[in-house]
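Q: Next up is a structure, given as structure tokens.
Read-outs throughout are calculated quantities, based only on the coordinates presented, and are distinct from any laboratory measurement. Keep in mind it's a predicted model, so treat the numbers as computed, not measured. Quick reminder, even Gly has a Cβ in these numbers, built from the backbone with ideal geometry, and neighbours come from all protein chains shown.
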Amino acid sequence: MEKTIIVNAKSKTYNIEIIDHGLKKLREKVQTVWSPRKVAVITDENVGPLYANQVQRQLNAGGFVVEVLTVPAGESSKSWMNLEKIIQQLAEKHFGRQDGILALGGGVVGDLAGLAASIYLRGIALIQLPTSLLAQVDSSVGGKTAIDLAAGKNLVGTFYQPDLVLIDPTVLLTLKSRCLVEGYGEIVKCAALVGGDFWQLTGQIKSPQAIMRNANALIEASVRFKAQIVAADETETRRRQLLNLGHTLGHAVEQAAGGRLFHGEAVAIGLYQLSRLFEQKKLTAVGVTEQISTRLQAVGLPLSDDELGTTDFYRALKHDKKIKQQQLTMIYLKKIGQPEFYCYPIKQVIGWLQQELSQKKS
């Protein structure tokens with residue numbers, strides 16, 4: 001399979017290439033957007049041993065000079081310390097404005113490497129080569145880069161589009177089941193926003209193995225939808241906020257869990273809980289929550305967590321990036337395929353959540 005999806009963002013047009021065994025075509029694809037130059041391949045301690053040598057050989061064969069920079073695996077690498085370390089290494093190795101960064105890894109590596117590329121020398125070239133399902137369907141597409149602060153996730157970042165995104169679904173075979181399944185949380189979110197055939201496809205996924213069997217179709221549908229959103233609203237002024245479905249509560253519970261939950265697991269919790277609460281308010285059609293829970297539970301994704309409704313949860317919620325003038329914008333579903341905006345004072349939202357979530361626990 002080989003599919004090309006074009007992202008026509010306001011700042012740049014670029015291709016997302018979805019290619020089985022795409023790593024074998026890396027040199028060919030990179031040469032379509034870059035002339036020979038120095039390339040910093042930024043990866044982590046899990047992905048590097050699997051693919052860094054192959055990537056380096058491919059690039060070297062195309063006349064590129066490669067430096068592999070490795071960070072620890074995990075969300076904690078999205079930090080000031082690691083960002084500074086990468087930039088220092090780029091400077092020490094005399095990377096210039098004509099050189100580039102290739103992000104080889106999951107969402108953490110993509111976010112961190114993308115931010116480094118966007119600010120080093122006021123911006124150098126970037127290619128995303130995502131190796132997790134979550135990164136392939138979400139974080140590698142659309143140009144969001146970020147690191148975390150103690151106060152919350154992704155509070156320091158930029159919008160910086162890559163020159164190319166190369167997605168190789170076959171690398172997902174190396175993922176542990178939990179890592180594969182967490183990416184499916186984002187896929188269900190996208191399918192719920194789109195509805196139609198995409199939503200019907202997720203209804204056929206009954207196990208983690210089925211995710212892998214249908215990976216190409218799931219990735220393509222997710223990426224096509226996100227590419228359309230990014231083209232319409234690159235910097236999240238309005239329509240791109242729809243992609244935050246499930247993230248308001250999801251980010252807060254993920255932050256409160258302190259690394260115990262994966263991002264896609266937290267999104268699954270946020271997606272289910274918000275749907276349940278809005279269905280109770282009669283703003284979401286009856287039965288939507290059940291459809292969502294069926295899809296999530298079929299692959300073992302969680303619907304709740306002990307951190308939901310804790311002090312740490314509400315502390316994180318108060319730092320949500322979507323709060324403007326003390327108003328929090330949440331995305332909910334009127335029905336599958338019909339998302340809507342819900343803007344309300346943050347204090348009242350927290351009061352509502354405290355009442356509803358405490359009732360659920362009691």
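Q: Name the residues whose placed amide hydrogens come within less than 5 Å of the amide hydrogen of ASN154, ignoring near sequence neighbours (fewer than 5 apart) on the same chain.
A: Long-range HN contacts for ASN154: ASP148, LEU149.
Q: Scan the range 209-297 for GluC sites (Glu not before Pro) in coil per DSSP, keeping those whose Cβ has at most 10 other Cβ atoms within 10 Å, and list them by number. Write out the running numbers ahead of the final one.
A: Numbers: sites: GLU220, GLU234, GLU236, GLU254, GLU265, GLU279, GLU290; in loops: GLU234, GLU236.
Of the GluC sites (Glu not before Pro), not one in the loops of the range 209-297 has a Cβ with at most 10 other Cβ atoms within 10 Å.
Q: Of ILE331, ILE205, ILE350, which has the largest mean-square fluctuation in a 10 Å C-alpha GNM of the chain?
A: The residue that fluctuates most here is ILE350.
Q: What percentages make up the Cα-Cα pair-distance distribution of the range 2-174 when the bins are 5 Å wide from 0?
A: That works out to 1, 9, 20, 24, 23, 15, 6, 1, 0, in percent per bin.
Q: What's the percent breakdown of Cα-Cα distances in the range 1-93 across 5 Å bins, shortest bin first?
A: 3, 11, 17, 18, 20, 20, 9, 1, 0
Q: Cut-off is 10 Å between beta-carbons; in what order do CYS343, CYS179, CYS190 appear when sorted fewest neighbours first?
A: Working: CYS343 11, CYS179 18, CYS190 24.
Ranked by crowding around the Cβ, least crowded first: CYS343, CYS179, CYS190.
Q: Identify all aspartates and glutamates with a Cα-Cα distance to LYS347 below 17 Å; exclude those on the same chain that are fewer than 8 residues away in sequence.
A: Output for LYS347: ASP312, ASP320, GLU356.
Q: Run through the range 244-335 and list the trypsin sites (Lys or Arg not before Pro) located in a DSSP loop whose Cβ has at most 10 other Cβ atoms within 10 Å.
A: On the way: sites: ARG260, ARG276, LYS281, LYS282, ARG295, ARG315, LYS318, LYS321, LYS322, LYS324, LYS334, LYS335; in loops: ARG260, LYS281, LYS282, LYS318, LYS321, LYS322.
Sparse-neighbourhood loop trypsin sites (Lys or Arg not before Pro): LYS282.
Q: Separate question: Go ahead and set up a Gaussian network model of the chain, Cα springs under 10 Å, then flag whichever of LYS85, LYS153, LYS189 fluctuates most.
A: Ranking LYS85, LYS153, LYS189 by mean-square fluctuation puts LYS85 first.
Q: Choose one answer from VAL33, VAL299, VAL267: the residue with the largest mean-square fluctuation in a GNM of the chain with alpha-carbon springs under 10 Å.
A: VAL33
Q: Oh, and also: Based solely on its DSSP helices, what 222 nm [θ] is calculated for the chain when runs of n ≥ 4 H residues each add -39,500 (n - 2.57) and the sum is averaged over all residues, nearest 500 deg cm²/dmol? Can you show the working numbers first?
A: Numbers: 13 runs with 158 residues, N = 362.
Result for the chain: -13500 deg cm²/dmol, rounded to the nearest 500.
Q: What is the fewest-to-most order of SER275, SER76, SER35, SER132 by other Cβ atoms lying within 10 Å of their Cβ?
A: Working: SER275 22, SER76 14, SER35 10, SER132 29.
So the residues, fewest neighbours to most, are SER35, SER76, SER275, SER132.
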